[in-house]
Amino acid sequence: MALLPILRFPDVRLKKVAEPIIKIDESIRQLANDMAETMYEAPGIGLAATQVDVHKQLIIIDVSEDKSELLVFINPRLEHCEGAQQGEEGCLSVPGIYEKVERAERVTVHYLDLEGQSRSLEAEGLLAVCLQHELDHLNGKVFVDHLSQLKQTRIKNRLAKQARVTA
Ligand code: NI
């Protein structure tokens, strides 16, 4: 197990589109384990491989209260979206920033598990938001991309200031 460095917005590597995983081998299981350790340590409720500079279609999520329900999604596809919800989102790649983003209320996702089994999951509420947020990462998008240009510029300035203070 190892903690992985998390890319920070506006790092251009966050814009890379992730490739599908062809073979689920030991290196993928290791990546999922390391990402889980990194997410719990942060702490966060979701992490996409893109955020640790691995451009493969793998995301992990745990929205449970006691951090005991780790979900691993390989090659996830959103098949069905309905309704709308708006909630405040944050991201481990955009530390300290929380903004409202509009998302579907319910989604169905198809994916492979770590054993390579084809699965689907219906989600709503926070889990649905989290899935949409992490799937965006695999497509090279961060939640900030859903905001107005003005807000995006403000966020970049704030993060640049933070980086100077902590450097
Ligand atoms: Ni994120």
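Details
- Only one of the listed residues (E88, E79, E102, E122) is away from the ligand (no atom under 14 Å from the Cβ), within 30 Å of K156 (Cα to Cα), part of a strand (DSSP E or B) and more than 11 Å from the chain's Cα centre (by Cα). That residue is E102.
- Among residues of the stretch 139-162 that are within 25 Å of A18 (Cα to Cα) and at pLDDT 95 or above, those with a Cβ under 8 angstrom from a residue that is open to solvent by 70 Å² or more (accessible area, probe 1.4 Å) and not charged (D, E, K, R), sequence gap 6+ or separate chain, pair up as N139/V17; G140/V17.
- Among the residues of the stretch 16-39, those identified as surrounded by 16 or more Cβ atoms within 10 Å (Cβ to Cβ) and in contact (Cβ under 8 Å) with a residue 40 or more places away in the chain are K16, A18, I21, I24, I28, A32, M39.
- Residue within the stretch 40-63 that is at negative phi, modelled with pLDDT of 95 or more, open to solvent by less than 70 Å² (accessible area, probe 1.4 Å) and more than 16 Å from the ligand (Cβ to nearest atom) present: no
- Considering the stretch 126-148, the residues that are more than 13 Å from the ligand (Cβ to nearest atom) and under 16 Å from the mean Cα position of the chain (by Cα) include one that is least open to solvent (accessible area, probe 1.4 Å), namely A128.
- Filter result for L114 (among the hydrophobic types (A, V, I, L, M, F, W, C) and assigned to a loop (DSSP other than H, G, I, E, B)): yes
The values are calculated or read from the model by the stated rules, or taken from the named source; none is laboratory data. On a predicted model such as this, the values are computed, not experimentally measured, just so you know. Positions of Cβ are generated from backbone atoms using ideal geometry, with glycine treated the same way; all protein chains shown enter the neighbour counts. In case anyone asks, the SASA skips ligands and DNA or RNA and just uses the protein heavy atoms, side chains included. Shrake-Rupley method; radii C 1.70, N 1.55, O 1.52, S 1.80 Å.
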